[in-house]
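The values are calculated or read from the model by the stated rules, or taken from the named source; none is laboratory data. It should be emphasised that the depicted structure is a prediction, and the values quoted were computed from it without experimental measurement. As a convention, Cβ positions derive from the backbone with ideal geometry for all residues, glycine included, and neighbour counts pool all protein chains shown. Please note that ligands, DNA and RNA were not included when accessible areas were found on the heavy atoms of the full protein model with its side chains. Shrake-Rupley method; radii C 1.70, N 1.55, O 1.52, S 1.80 Å.
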Amino acid sequence: MPTNLRAGRRVASLALALALASGSLSLAAAQSKSAAAAKQLTDVLDRLKLDAIAAPDPSDPGAFVAALYFQGGQLLVVSAKYSAPTLITAKLAKKDYRDIYIDLNAASVAGSKIFVMDQACDGLVAKPGDSAPDTWEQGTTNTIFDGDFKKAKLSEEAYGKAFATADEKYSHILGLLTAQASKGGS
């Protein structure tokens, strides 16, 4: 990803977190950066008729990202380190994306896994209204983005910060997957 794009995403994420923290932006008005990234990925997956994709994460040696795509319904995304990265690299070469997704979900290095359930393939949504909430699991923390920060035992500020951080990381993961898929899944 170009450096200026990464910097722009960081600035937008910081602005969102600051606006939520200052109370000048409600959760309902929070904009998801991952929304555009999810649309880009699903557009490419639809065009290539893929239901799974995986890629290495060059920003984290030994880490990989993978997704299962249920067209129009759900994106299940995982990012994790794997204890035998050469096995994942070999599966990448064979385009065994579904197997990589399964491996990362089942046998990742403890504490390295992020798992996202993007319920409508529309990126993370801070307050989904009547839609099913997205979930973010990182390590032992599980956050349900349903807009009910009190139920999550968080302040609105903490919920907003958790959302902004998750949204930033999810955008990064989706960008890696889109880049891989755009290369024809190779």
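Observations, loosely collected:
- Solvent-accessible surface (1.4 angstrom probe) belonging to Glu137, in square angstrom, nearest 10: 70 Å²
- Within the accessible area of the range 87-186 (1.4 Å probe), percent carbon and sulfur: 54 percent
- Apportionment of accessible area to carbon and sulfur, the range 40-85, percent (1.4 Å): 53 percent
- Applying 1/(1 + (r/R0)^6) with R0 = 22 Å to the Cβ-Cβ distance of Arg98 and Gln31 gives a FRET efficiency near 0.10.
- Whole-number accessible area per residue in Å² for the range 63-186, which is evaluated in the context of all protein chains at 1.4 Å: 46 Å²
- Peptides 68-74, 166-172, 87-93, 98-104 ordered by average Cβ neighbours within 10 Å, highest first: 166-172, 98-104, 87-93, 68-74
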